[in-house]
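Below is one structure, written out as structure tokens, with a few remarks after it.
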């Protein structure tokens, strides 16, 4: 198990991954690390690559949710909205995560309305 708080070990886990699934999980963990430490822009490509390589359904929906949040925080509201919609539509999206994403969508729409007025 890779330490979730050591960026060097997380990067090494990505480099040492033998399968796409292992690499996807390692990239997801690296993305979460950067995201949790206020480096959303660095997290974005790691989330995207992890999703494209293939995560299990439960982890993928979380990756989509955190990707949406990071997109919003980096002022990419349209992409954040699309990503949050995809996460909400997933069959494995837990209710609390749906509530978080619906709240994010409301913030995105309010921000749009303010810009348009």
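Observations on the model:
- The label point for residue 85 and the one for residue 52, both projected 7 Å from the Cα toward the Cβ, are 2.2 nm apart.
- Between helix 7-16 and the chain: long-axis angle, C-alpha atoms, 0 to 90°, nearest 10: 70
- Footprinting exposure proxy for 72, 47 (fewest neighbouring C-beta atoms within 10 Å first): 72, 47
- Value of [θ]222 nm, deg cm²/dmol, for the chain, DSSP H segments ≥ 4, -39500 (n - 2.57) each, nearest 500: -26000 deg cm²/dmol
- Working value for segment 7-116: equivalent-ellipsoid semi-axes of 26, 16, 10 Å, each the square root of 5 times a Cα gyration tensor eigenvalue, largest first.
- Available extension along the chain between residue 74 and residue 102 is 8.2 nm, counting 0.36 nm per residue and deducting the alpha carbon span.
- Computed from Cα atoms, the angle from the helix 77-89 axis to the main principal axis of the chain rounds to 70 degrees.
- 0 to 90° range, to nearest 10: angle between helix 40-53 axis and the chain longest Cα axis: 70
Computed from the coordinates by the stated procedures, all read-outs in this text should not be read as laboratory data. Quantities reported herein were computed from a predicted structural model and do not represent experimental measurements. Reconstructed Cβ throughout: ideal geometry from the backbone, glycine too, with neighbour counts over all protein chains shown.
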